[in-house]
Amino acid sequence: MKTAIYPGSFDPVTYGHIDIIERAAKLFDRLIVLVSTNPTKPPTFSPAQRVDFLQRSLRKSLTTPEVNIEIDCHSGLFIDYFKKRGANVIVKGLRAMSDFEYEFQMALLNKDMCLGAETVFLSANVASMFLSSSAVKQIAQFGGDISAFVPHQIADDITNHLSTRSG
Ligand code: PNS
């Protein structure tokens, strides 16, 4: 049984992430979508909110009988979680060459800390090449329409949260 983990900040999840999740779920027996902490990016949404956004966005996939997607949350070193779950593969999405250097470094570091940890990169689809959680947050903060970028189940919550914060 091949278990893959897709770690990320998901702050918040976008259609770009959903695309990677749906494609990765078809490649492995089990896919764990892991809300993790990126120490270089202080999050806008709490881990619980980010998990909730993922659950609501993926409700349809999560309730199908053959579901192989699990959503979890972890605040420590990713590779510790990877080992604990007996996982085989790390999934990451790549939007452009600019993502590559950082992702490649993480892949090598993770493999160094755990020999069996192979990272598989999935290329973003064309529609998501330009999409990022930070861009979505900026658009929402200034009253823009984010419905094309995040699932409809969570769009209003993101906009309300950000417009309240920016006053
Ligand atoms: O969506 P992001 O912000 O690019 O995801 C990065 C993330 C959260 C996967 C990465 O920062 C991470 O793995 N954080 C957990 C702490 C850790 O293990 N850091 C060392 C990575 S080599």
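Just a few scattered comments:
- Magnitude of the charge dipole for the chain, about its Cα centre and with charges confined to Cβ atoms of Lys, Arg (+1) and Asp, Glu (-1), is about 180 debye.
- Alpha-carbon radius of gyration plus Dmax, which is the widest Cα pair, for the chain in Å: 15.6, 49
- In order through segment 5-14: 3J(HN,Hα) via Karplus (6.51 cos²θ - 1.76 cosθ + 1.60), integer Hz, x for Gly, Pro: 10, 10, x, x, 7, 6, 10, x, 4, 10
- Cα-projected label distance for residue 134 with residue 104, points at 7 Å along beta-carbon direction, nm: 2.1
- For the chain, adding -39500 (n - 2.57) for each run of n ≥ 4 DSSP H residues and dividing by the number of residues yields -13500 deg cm²/dmol at 222 nm.
- In segment 37-161, the portion of solvent-accessible area held by carbon and sulfur atoms comes to 58 percent [1.4 Å probe, whole percent, DNA, RNA and ligands not counted].
- The alpha-carbon atoms of segment 69-167 define a convex hull whose volume equals 138 cubic angstrom per residue.
- Pair residue 23, residue 160: separation of 7 Å Cα→Cβ label points (nm): 3.4
- Residue by residue, segment 114-120 carries 3J(HN,Hα) couplings of 8, 3, x, 7, 8, 9, 10 Hz when phi is fed to the Karplus relation 6.51 cos²θ - 1.76 cosθ + 1.60 (θ = phi - 60°); x denotes Gly or Pro.
- Unit charges at the beta carbon, dipole of the chain: most positive-side option, 140, 61, 18: 61
- Shown is the FRET efficiency for residue 119 and residue 62, computed with R0 = 35 Å from the Cβ-Cβ distance and rounded to the nearest 0.05: 0.90.
- Gaussian network model of the chain, Cα within-10 Å springs - most flexible of 39, 12, 47: 39
- Whole-Hz Karplus values for segment 128-143 come out as 10, 4, 9, 8, 9, 4, 5, 5, 4, 5, 5, 4, 5, 4, 9, x Hz, taken residue by residue from phi with 6.51 cos²θ - 1.76 cosθ + 1.60 and θ = phi - 60°; glycine and proline positions read x.
- Computed from Cα atoms, the angle from the helix 97-113 axis to the main principal axis of the chain rounds to 40 degrees.
- Solvent-accessible surface of the chain, averaged per residue with a 1.4 angstrom probe and all protein chains in place: 54 square angstrom.
- Amide H within-cut-off set for residue 73, under 5 Å, with H built and near neighbours excluded: 35
- Anisotropy class of segment 36-86 from Cα gyration tensor, a/c 1.5 cut: oblate
The values are calculated or read from the model by the stated rules, or taken from the named source; none is laboratory data. Please read all numbers here as calculations on a predicted model, not as lab measurements. Heads up, the Cβs are rebuilt from the backbone with ideal geometry, glycines too, and the neighbour counts pull from every protein chain shown. Heavy atoms of the whole protein, side chains included, go into the accessibility calculation; ligands, DNA and RNA do not. Shrake-Rupley method; radii C 1.70, N 1.55, O 1.52, S 1.80 Å.
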